[in-house]
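Structure, as structure tokens:
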Amino acid sequence: GRDVTERMASEEAVRASERKLRSYMEQWLDGVLVVDGQGRYLEANPAAADMLGYTEHELLQMSVSDLLPPDGPDRATGLAHFNRAMTEGRASGEVVLCKRGGARFVVDINAVALGGDRYLGIFRDVTDRKRAELALQQERAHLEQRVQERTAVLTETNATLHEEIIERKRVEQELVAAREQALQAAEAKATFLANMSHEIRTP
């Protein structure tokens, strides 16, 4: 005979830990998936199944690549995220996943190695947030364009007003000069007439 009490206690501890993890997974509002080193799903919680549009049983027949877009940069980003989790032990970032039927949505996913060639991924749908951010960026760009247009109009208006002010000052200076010339001419005429009148009256 061989004493296997310690081994059985260790196995029971592992099972208890897994039951505890499973109970947590069931309660999480975020999607939770556990995969192996080949990307095959080993566990999925109800939130993940609900977000993806599959049953938990269906997800356990699938792998990481099945939920990624069929091609393009979004697929490459998703595969790179999974590979980073395997090589570095953890990975976080935004990934595009496909629901049943092919509809795409953006998730913020954090993955960590559990040991034993298993990896835990916790993800949250951030599609609405990304749309809001995009709409905000577009609105900001629109406002910046409008500000630039208004600034250009104001700059042009200011330049026109500056030119008008300069022209008005030039005209005023000409009017002042003309007035001074008229006053000088009138004064000269009065002096001339006074002198002529004096000369005429003086024998």
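The values are calculated or read from the model by the stated rules, or taken from the named source; none is laboratory data. All of these numbers come straight from a predicted model, not from anything done at the bench. Heads up, the Cβs are rebuilt from the backbone with ideal geometry, glycines too, and the neighbour counts pull from every protein chain shown. We work out accessible area using only protein heavy atoms, side chains counted, and drop any ligands, DNA or RNA first. Shrake-Rupley method; radii C 1.70, N 1.55, O 1.52, S 1.80 Å.
Annotations for the structure displayed:
- Here Cα extents along the principal axes in Å was calculated from the structure, and among (i) 167, 38, 29; (ii) 49, 39, 38; (iii) 69, 36, 25 it sits at label (i).
- Neighbours of residue 91 by Cβ distance under 14 Å: Lys/Arg scored +1, Asp/Glu scored -1, total -1.
- For the chain, size of Cβ-based charge dipole, Lys and Arg +1, Asp and Glu -1, in debye: 100
- Ordering 127, 196, 158 by Cα displacement along the dipole of segment 122-203 toward the positive end leaves 127 in first place; charges were set at the Cβ atoms of Lys, Arg (+1) and Asp, Glu (-1).
- Note on the chain: helix-only mean residue ellipticity at 222 nm, from DSSP H runs of 4+ residues weighted -39500 (n - 2.57) and normalised by residue number, equals -22000 deg cm²/dmol.
- Of 166, 200, 122, the order by accessible heavy-atom surface (1.4 Å probe, DNA, RNA and ligands excluded), from most exposed downward, is 200, 166, 122.
- Residue of 129, 168, 146 that the Gaussian network model of the chain assigns the largest fluctuation, springs spanning Cα pairs under 10 Å: 168
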